[in-house]
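J.: After the structure tokens below, expect a handful of questions from me.
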Amino acid sequence: MTTCYPLKVGLFSIGLAAYWPQFPGLRERLVGYGRFVGQRLCGMGTGVVDVGMVDDQPSAQAAADRFIREGVDAVVCYVTTYSTSSQVVPAVQRVGRPVLILNLQPTAQLAYALTDTGEWLANCQACCVPEIACAFERCGIRFDTVTGLLGLDEPTPDAVADEVTSGHAEAQRAWAAVEDWVAAARVARTLSRSRIGFLGHPYPGMLDMYSDFTQHTGQLGVHLEVLEMDDLEARVDAVTAEEVERKRGETLGLFTVSEDSPSDPLAKAPTPEAVEWSCRVAAGLDRLVEDFDLHGLAYYHRGVDGNTYERLGAGLILGCSLLTARGVPCSGEGDLKNCIAMKVMDTLGAGGSFTELYAMDFADRLILMGHDGPFHLRIAEGKPVLRGLGLYHGKRGSGVSVEAQVRQGPVTIAGLTQTRRGNLKWLCAQGWSLPGATLRIGNTNSRIRFTEGPDDPFDVSAWMDLWCRQGPTHHVALGVGHHRRSVEKTAELLGLECVGVEPPVERLSDSRGRAF
């Protein structure tokens with residue numbers, strides 16, 4: 001199952017038709033640069049609709065017609081030489097998609113003594129980018145720019161200067177920025193085509209999680225499918241013995257089944273009955289996702305006195321962990337905003353696990369992060385543990401839960417919150433998942449330090465204060481790798497605010513621990 005929709009990018013190169021008869025061979029040389037850009041974009045896993053050289057107003061209109069006809073998700077304008085802005089605006093104005101202007105020069109330095117006008121024109125990308133930016137701004141066209149080197153890995157015939165710049169830092173930085181932009185455009189496309197199920201209701205009293213469904217559709221483009229517990233009950237009731245057995249085999253292959261916890265009397269070896277019920281509910285969840293074509297799920301139901309809905313709610317963690325690992329993120333406690341954050345992180349290839357800030361470790365200078373809900377199994381450090389719980393703290397029922405740690409190494413957290421004005425707002429921070437002791441209480445928990453390097457000093461208190469100052473929800477999506485730039489670019493493409501919380505400067509203190 002995949003719910004990350006492929007991205008289709010429209011690409012056009014720009015030049016000036018008046019140059020071609022004046023400088024023989026220039027057009028062909030610039031078209032070759034454009035082909036190189038198309039190959040680099042294809043290498044990022046995108047579909048590319050390359051209309052080639054646009055060098056006058058009619059060809060710009062034709063480019064727009066094709067982009068619209070082929071339904072591109074984003075447009076890339078590669079500046080090969082000077083072009084008037086009047087023949088660039090028509091290529092994107094009617095398309096109504098995000099636009100990236102590539103200001104990538106072939107050579108790092110002109111061979112000044114040997115450069116004639118034609119050679120200069122092949123390297124004057126910077127000349128018209130400000131003009132295009134002004135025209136786009138005045139026409140209300142949203143755009144980004146990436147400036148740097150083209151990064152060719154072979155010399156260009158007849159070029160005077162050295163154009164092999166693939167190893168140059170300015171080429172590598174520029175293409176990394178393009179990759180971030182492409183990743184963000186892919187996330188925006190995925191969200192706009194996602195169907196997120198909402199099963200039950202939010203955990204009562206958690207004001208930070210209450211969400212406006214229309215707000216999510218309007219600002220993110222997602223569709224919300226409101227589900228009843230009856231929908232799940234009917235599908236769990238229809239599960240066959242063969243389906244349960246298949247789910248049991250899948251579970252035993254993915255998890256280590258625990259013994260009793262040495263530290264928590266509530267956390268024990270799971271009973272066969274609890275495992276069977278969780279596998280049955282997991283199979284029912286598979287049917288629910290298929291029947292409603294879901295790409296994510298926010299869920300919670302309290303239940304009463306051990307009734308059917310309480311048993312269903314208590315049996316969801318295993319199945320929701322399995323779904324999350326398959327690209328259908330499941331967010332417990334009815335947290336819709338965090339389901340979206342998990343979807344974003346999963347689309348970026350980071351995983352994205354349902355997480356909250358658990359506790360602060362001032363001795364090892366880190367933050368424990370985890371939850372009693374679903375875990376993204378593909379980003380685990382080692383094999384996850386399936387543990388029985390005599391009760392779910394703060395919730396009704398009992399059953400099995402997932403105990404795991406996020407893979408050690410670089411990590412990113414992404415959170416989606418809401419401002420007092422009703423706008424959705426993104427938060428993110430980069431850090432490190434570290435080895436060491438964790439809790440054995442049937443919950444996920446990881447040791448996280450939000451610093452540039454894993455061994456850098458970390459001021460736990462200062463970071464917590466900075467994070468809370470942004471008005472976050474208490475859940476985040478925890479993923480592997482550093483993805484702050486992609487999260488920020490995603491927010492920008494969606495027209496939403498994003499705040500990246502930087503590692504705080506460590507506060508000095510005297511011998512009594514007082515800050516000064």
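J.: Could you check the spin-label model distance between Ala234 and Leu114? Points 7 Å from the Cα along Cα→Cβ, value in nm.
T.: 7.6 nm
J.: Now a separate question. So for the pair Leu496, Phe143, with labels modelled 7 Å out along Cα→Cβ, what separation do we get in nm?
T.: If labels sit at Leu496 and Phe143, their model points lie 2.7 nm apart.
J.: How long are the semi-axes of the equivalent ellipsoid of segment 8-190, taking √(5λ) for every eigenvalue λ of the Cα gyration tensor, in whole Å from largest down?
T.: On the way: eigenvalues 126, 74, 39 Å².
Value: 25, 19, 14 Å, ordered largest first.
J.: Using R₀ = 45 Å, calculate the FRET efficiency as 1/(1 + (r/R₀)^6) where r is the Cβ-Cβ separation of Asp264 and Asp293; round to 0.05.
T.: Plugging the Cβ-Cβ distance into 1/(1 + (r/R0)^6) gives 0.70.
J.: Only one of the values [x] 0.96; [y] 1.00; [z] 1.05 was calculated from this structure for Rg/Rh (Cα atoms, Kirkwood Rh); name its label.
T.: Among [x] 0.96; [y] 1.00; [z] 1.05, the one calculated here is [z].
J.: Okay, next question. Suppose R0 equals 51 Å. What FRET efficiency, 1/(1 + (r/R0)^6) with r the Cβ-Cβ distance, do Val226 and Glu70 give to the nearest 0.05?
T.: Taking R0 as 51 Å, the efficiency between Val226 and Glu70 is 0.90.
J.: May I pose another question? Please rank Arg407, Arg138, Arg326, Arg420, fewest neighbouring Cβ atoms within 10 Å first, as an exposure proxy.
T.: Going from sparsest to densest Cβ surroundings: Arg420, Arg138, Arg326, Arg407.
J.: What whole number of Å gives the distance from the Cα centroid of segment 146-181 to the Cα centroid of segment 289-327?
T.: Going from one Cα centre to the other spans 49 Å.
J.: Sort segment 110-258 into rounded, prolate or oblate with this rule: let a ≥ b ≥ c be the square roots of the eigenvalues of the Cα gyration tensor; rounded if a/c is under 1.5, and if a/c is not under 1.5, prolate when a/b is larger than b/c, oblate otherwise.
T.: The shape class here is prolate.
J.: Got a sec? How would Phe136, Phe292 order by Cβ neighbour count within 10 Å, fewest to most?
T.: Final ranking by Cβ density, sparse to dense: Phe292, Phe136.
J.: Also, quick follow-up: Apply the a/c threshold of 1.5 to the C-alpha gyration tensor of segment 194-500 and tell me whether it is rounded, prolate or oblate.
T.: Here segment 194-500 falls in the oblate category.
J.: Let me ask something else. Provide the packing ranking of 487-494, 19-26, i.e. peptides ordered by the mean count of other C-beta atoms within 10 Å per residue, highest first.
T.: 487-494, 19-26
J.: Sort Ser433, Ser263, Ser192, Ser13 by Cβ crowding within 10 Å, fewest neighbours at the top.
T.: Sorted ascending by nearby Cβ count, the order is Ser263, Ser192, Ser433, Ser13.
J.: State whether segment 91-189 is rounded, prolate or oblate according to the following rule on the C-alpha gyration tensor (a ≥ b ≥ c being the square roots of its eigenvalues): a/c under 1.5 gives rounded; otherwise a/b larger than b/c gives prolate, and the remaining case gives oblate.
T.: Oblate, because a/c is 1.5 or more while a/b does not exceed b/c.
J.: Then there is this: Under a point-charge model restricted to the Cβ atoms of Lys and Arg (+1) and Asp and Glu (-1), what is the dipole moment magnitude of the chain relative to its Cα centre, in debye to the nearest 20? Walk me through the numbers on the way to the answer.
T.: Values: 48 positive and 63 negative charges, 110 e Å.
Dipole size: approximately 520 debye.
J.: What does the charge dipole of segment 206-325 about its Cα centre add up to, to the nearest 20 debye, if the Cβ of each Lys and Arg holds +1 and the Cβ of each Asp and Glu holds -1?
T.: For segment 206-325, the charge dipole is close to 240 debye.
J.: Would you be so kind as to identify which of Ala176, Pro106, Gly151 lies farthest towards the positive end of the dipole of segment 8-190, taking Lys and Arg as +1 and Asp and Glu as -1 on Cβ and the Cα centre as origin?
T.: Ranked along the dipole, the leading option is Ala176.
J.: Considering only DSSP states other than H, G, I, E and B, which trypsin sites (Lys or Arg not before Pro) in segment 1-102 qualify as loop sites with at most 13 other Cβ atoms within 10 Å?
T.: Answer in residue order: Arg94.
Any read-out appearing in this document is the output of simple, stated calculations on the displayed coordinates, not a laboratory observation. These figures come from a predicted structure and were not determined experimentally. FYI the Cβ positions are ideal-geometry reconstructions off the backbone, even for glycines, and counts take in every protein chain you see.
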